[in-house]
1. Which of (1) open to solvent by 70 Å² or more (accessible area, probe 1.4 Å); (2) not in a helix (DSSP H, G or I) does LEU15 not meet, given it meets every other one?
2. Which pairs have Cβ atoms under 6 Å, sit 6 or more apart or on different chains, and link a residue in the stretch 12-29 that is modelled with pLDDT of 90 or more and among the small types (Gly, Ala, Ser) to one that is assigned to a helix (DSSP H, G or I) and surrounded by 16 or more Cβ atoms within 10 Å (Cβ to Cβ)?
3. So, of the residues in the stretch 41-84 that are in a helix (DSSP H, G or I) and touching a residue at least 24 places away in the same chain (Cβ under 8 Å), which turns out to be surrounded by the fewest Cβ atoms within 10 Å (Cβ to Cβ)?
4. If a residue must be part of a helix (DSSP H, G or I) and surrounded by 18 or more Cβ atoms within 10 Å (Cβ to Cβ), how many such residues does the stretch 18-35 contain?
5. Identify, please: which residue in the stretch 93-113 is open to solvent by 90 Å² or more (accessible area, probe 1.4 Å) and modelled with pLDDT under 95 and is, among those, nearest to ARG29 (Cα to Cα)?
Amino acid sequence: AAKKATVSERDTCRLWLAEEFRLLAGSLRVIVCLGAFAWQALWPVLGAAGVPVPRPRPAFGHGAEAVLAGPANPVTVIGCYHPSQQNTFTGRVTPGMLDAVFLHARAAAGLEG
């Protein structure tokens with residue numbers, strides 16, 4: 001069985017995520033969430049930072065996307081299956097799928113080319 005992060009680990013990381021968001025908020029344009037756990041953990045951090053969070057929260061999926069009114073710019077949140085050994089060995093996520101998500105993220109950030 002795969003080792004999954006615990007609620008305690010998520011809550012411990014939330015402080016770090018909130019601080020990173022605070023530091024990057026002025027220039028942040030895209031957030032890629034690697035896995036459903038990251039997707040779920042992000043929304044409370046964004047809400048606490050004053051970013052309007054859609055209700056109901058967008059469902060996670062590979063390639064799921066939500067565009068939010070960020071502090072300085074719109075922020076695109078993109079879901080991506082976690083590139084864990086289990087997911088890569090079973091083909092749930094492939095190198096091509098990861099490339100597509102990050103190419104989309106680059107485009108959403110205005111970094112095409």
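1. Of everything listed in (1) open to solvent by 70 Å² or more (accessible area, probe 1.4 Å); (2) not in a helix (DSSP H, G or I), LEU15 misses just condition (2).
2. ALA18/VAL45
3. Per the criteria, the residue is ALA48.
4. Result for the stretch 18-35: 1.
5. LEU111
The values are calculated or read from the model by the stated rules, or taken from the named source; none is laboratory data. Model, not experiment: these values are computed from the prediction. Heads up, the Cβs are rebuilt from the backbone with ideal geometry, glycines too, and the neighbour counts pull from every protein chain shown. Ligands, DNA and RNA are excluded from the accessible area calculation, which covers all protein heavy atoms including side chains. Shrake-Rupley method; radii C 1.70, N 1.55, O 1.52, S 1.80 Å.
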